[in-house]
Amino acid sequence: MSLVPIFDLDGTLIDSDAALVAPFVALGIAEQDVTFGRLLEDECARLGITVADYLDHYDSDAAPPFAGAAELIGGLDRWAVCSNKIAVHGRAELDRLDWKPEVALFADDFGGPKHLGPVLDALGLAPSSAIFIGDTDHDRRCALDVGVPFVLAGWNPRARAEPGDIVLDHPGEALALFDES
């Protein structure tokens, strides 16, 4: 059986930490005060700025793919994105990279934090037919909540493994997980 990969976007396929932090810094927030894995509206509220001000400073062209991510994506027949990113920017980044997932759902699509159920439904898959690759505790919980195996994007230096995680050091290692025939 072949597993269909579902990816988080920021911190998993694209090296977006600097791009995500830059608007906060431009608005006077100290870089070390910014956290990852939250909804943008929650992080902006926590830091005392508006989402509109943040988005005015966000550059959809600033985040490069992680080394090996483009090759990974190029080797896939079916794949999807499940992200807490604002849809307009997530779709702009996918377009810029010429990446065409079968399904791409973002925070706006969920009406709150991402969850894998709608992605699985859109793909027509049972949890046993998918695998979720991400870089945060929230990603891990998303997978566990619906019974999808979780893989940690260990190529992101910020990612922290928990007991039981499958951890990959390079995106190219993922291809072996998807083809289990």
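Return the long-range amide H neighbours of residue 104 (sequence gap of 5 or more, or a different chain), with a cut-off of under 5 Å between placed amide H atoms.
Answer set, sorted by chain and number: 81.
Please tell me the relative contact order of the chain in percent, rounded to the nearest whole number, where contacts are Cα pairs under 8 Å and at least six residues apart. Intermediate values should be presented prior to the final figure.
Working: 304 pairs, mean separation 51.9, N = 181.
For the chain, the relative contact order is 29 percent.
Taking amide H positions as placed in the peptide plane 1.01 Å from N, state which residues far from residue 10 in sequence (5 or more) or on other chains have amide H under 5 Å from it.
Distant-sequence amide H within range of residue 10: zero hits.
Please state, rounded to one decimal and in Å, the Kirkwood hydrodynamic radius that region 17-57 gives when every pair of distinct Cα atoms enters the mean of 1/r.
On the way: mean 1/r = 0.1006 Å⁻¹.
It works out to 9.9 Å.
Residue by residue through region 75-81, which ³J(HN,Hα) values in whole Hz follow from phi under the Karplus form 6.51 cos²θ - 1.76 cosθ + 1.60 (θ = phi - 60°), with glycine and proline marked x?
Result, rounded to whole Hz: x, 9, 8, 10, 6, 9, 10.
Hey, got the Cα dimensions of the chain along the principal axes, in Å, largest first?
52, 34, 30
Rank the residues 142, 82, 44 as a footprinting-exposure proxy: fewest other Cβ atoms within 10 Å of their Cβ go first. Walk me through the numbers on the way to the answer.
Numbers: 142 24, 82 32, 44 21.
By the 10 Å Cβ count, ascending, the order reads 44, 142, 82.
Separation between the residue 161 and residue 121 pseudo-spin-labels, each 7 Å from Cα along Cα→Cβ, expressed in nm?
About 3.5 nm separates the two model spin labels.
What number, rounded to the nearest 500 deg cm²/dmol, is the helix-based mean residue ellipticity at 222 nm of the chain, given -39500 (n - 2.57) per DSSP H run of at least four residues and division by all its residues?
Working: 9 runs with 67 residues, N = 181.
The per-residue figure over the chain is -9500 deg cm²/dmol.
Residues with amide H under 5 Å of residue 167's amide H, sequence separation 5 or more or different chain, H placed in the peptide plane at 1.01 Å from N; which?
Answer set, sorted by chain and number: 152.
Only the coordinates and a few stated rules stand behind these numbers; no lab work does. The model shown is predicted, which means the values in this text are computed figures rather than measured ones. Every residue, glycine as well, gets a Cβ built from its backbone with ideal geometry; the counts of neighbours run over all protein chains shown.
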